[in-house]
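Computed from the coordinates by the stated procedures, all read-outs in this text should not be read as laboratory data. Here the structure is a predicted model, which is why all the values come from computation and not from measurement. In this analysis, Cβ positions are derived from the backbone assuming ideal geometry, glycine residues included, and neighbour counts consider all displayed protein chains.
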């Protein structure tokens, strides 16, 4: 198992979107969108 970083995502992208996009390639254990101090996704 490993960790990948995906950048330059649309601000509207959700954890569910990431899980859906990567699940055809194998089991997704965790998908996390990093937010700024105001709670907005960093993209």
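Note on residue 6 and residue 35: their simple-model spin labels are 1.9 nm apart, each label 7 Å out from Cα toward Cβ.
Averaging the sequence gap over all C-alpha pairs within less than 8 Å and six or more residues apart, then dividing by the number of residues, gives the chain a relative contact order of 43 percent.
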